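The values are calculated or read from the model by the stated rules, or taken from the named source; none is laboratory data. Since the structure is predicted, the reported quantities are computational estimates derived from the model, not experimental observations. When we count neighbours, we look across all protein chains shown, and the Cβ atoms used for this are built from the backbone with ideal geometry, even at glycine. Heads up: the accessible areas ignore ligands, DNA and RNA and are worked out on the full protein's heavy atoms, side chains in. Shrake-Rupley method; radii C 1.70, N 1.55, O 1.52, S 1.80 Å.
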Amino acid sequence: HAGLAALALIAAAVPAVRAETRMQVAAGSTPIYAQASASGQKVGSAVAGEILFVTRSEGDWAAISPPDRLDLWLNKDFIEGNRVIAKSIQIRSGPGVEYGVVGTLERGAPVMPRGESGDWCKIAPPSSTTLWVKKSDLSEIQARTAPIQEVAAVPEPSKPAPAPASEPAPPPPQ
């Protein structure tokens, strides 16, 4: 039982991993920000009905996984062969240090380039990136509910017809 007690202690010490919650945009559209602040830099927007993956909440803000259609930026001096070569690099909301930091990548992390602007490389957003929307612009996903229709019975397949007997080969010519 000592092993069980040790396992219980380990399980209690490990923080629970929170799953993403799917939410939909309830407003006509909502800005997506680099920080949890309306004065933060706008990275893009989401339209009514769009599904977003919320990872956590802070006050009036919901942290979301970035939609794949958004572009983020890295200084191209720190990537080579579609991998980060710096020890750590900041992911930014635009092509320059004046744009907000939305995440970091460590050495060896893969990147998916989408273009360049000066010293900056436009990339597909890594899943480690956090962006923000106002919680008040989101709602639970409204699943369409319809009664389950009765399913028609599937008939048993008929037995296959026996294969025709092969014809004897013609006698060899004389």
request  = Mind counting the residues in the stretch 50-73 that are of a type in the set (G, A, S), surrounded by 12 or more Cβ atoms within 10 Å (Cβ to Cβ) and out of contact with any Phe, Trp or Tyr (no Cβ under 9 Å at 6 or more places or on another chain)?
outcome  = 1
ask   = Is it true that K87 is open to solvent by 30 Å² or more (accessible area, probe 1.4 Å) and touching a Gly at 6+ places or on another chain (Cβ under 6 Å)?
value = no
ask   = Are there any pairs with C-beta distances below 9 angstrom linking a residue in the stretch 113-127 that is more than 14 Å from V43 (Cα to Cα) to a residue that is open to solvent by less than 60 Å² (accessible area, probe 1.4 Å) and among the polar types (S, T, N, Q), with the two at least 6 apart or on different chains, and if so which?
value = D119/N75; W120/N75; C121/N75; S127/S65
